[in-house]
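Inspection log for the structure reproduced underneath, given as structure tokens.
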Amino acid sequence: MWDVTEVTPLEGYNLRLRFEDGLAGVVNLGQIIDRFDGVFAPLQDLEYFRQVSVDPEIGTIVWPNGADVCPDVLYSHASGKPIVFDDEPVFSIR
């Protein structure tokens, strides 16, 4: 898939993302963050959530505590296209 090249926090748990192929879209991570504890728990605090940045070495978004989200999942959500393996959809966030 494609690496994330830009991230802009928006209202709530929404992020505007741009990918290396030029695709741009808004992703709402609220539904992901609410399901996880551990490293994702601090992201429930919106002030902390807004500290998101792009780590160009791994090609995705990260937070100061090391939390990150797979760029393939982000691309799937931003584009509306499922992740496909052997011609079968294996993941779609929508």
Checklist line | In the stretch 1-10, the residues that are assigned to a loop (DSSP other than H, G, I, E, B) and of a type in the set (A, V, I, L, M, F, W, C) | finding: MET1, TRP2, LEU10
Notebook entry, point to check: Looking at the stretch 21-58, which of the residues that are surrounded by 15 or more Cβ atoms within 10 Å (Cβ to Cβ) and more than 14 Å from the chain's Cα centre (by Cα) is modelled with the lowest pLDDT?
Noted result: PRO42
Checklist line | Selected residue (criterion: nearest to ASP72 (Cα to Cα)) from residues of the stretch 26-42 that are of a type in the set (A, V, I, L, M, F, W, C) and part of a helix (DSSP H, G or I) | finding: ILE32
Check: Does the stretch 22-42 contain at least one residue that is of a type in the set (Phe, Trp, Tyr) and in contact with a strand residue (DSSP E or B) (Cβ under 9 Å, 6 or more places away or on another chain)?
Finding: no
Check: What is the residue count in the stretch 11-25 for residues that are in a strand (DSSP E or B) and of a type in the set (D, E, K, R)?
Finding: 2
Next item on the list: Any residue in the stretch 61-79 that's acidic (Asp, Glu): show its pairings with residues that are loosely packed, with under 15 Cβ neighbours inside 10 Å and assigned to a loop (DSSP other than H, G, I, E, B) at Cβ separation under 9 Å, as long as the two are six or more apart or on different chains.
Entry: ASP68/ILE58
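The values are calculated or read from the model by the stated rules, or taken from the named source; none is laboratory data. Computed from a predicted structure; not experimentally measured. Counting neighbours? That spans all protein chains shown, and the Cβs are built from the backbone with ideal geometry, glycine included.
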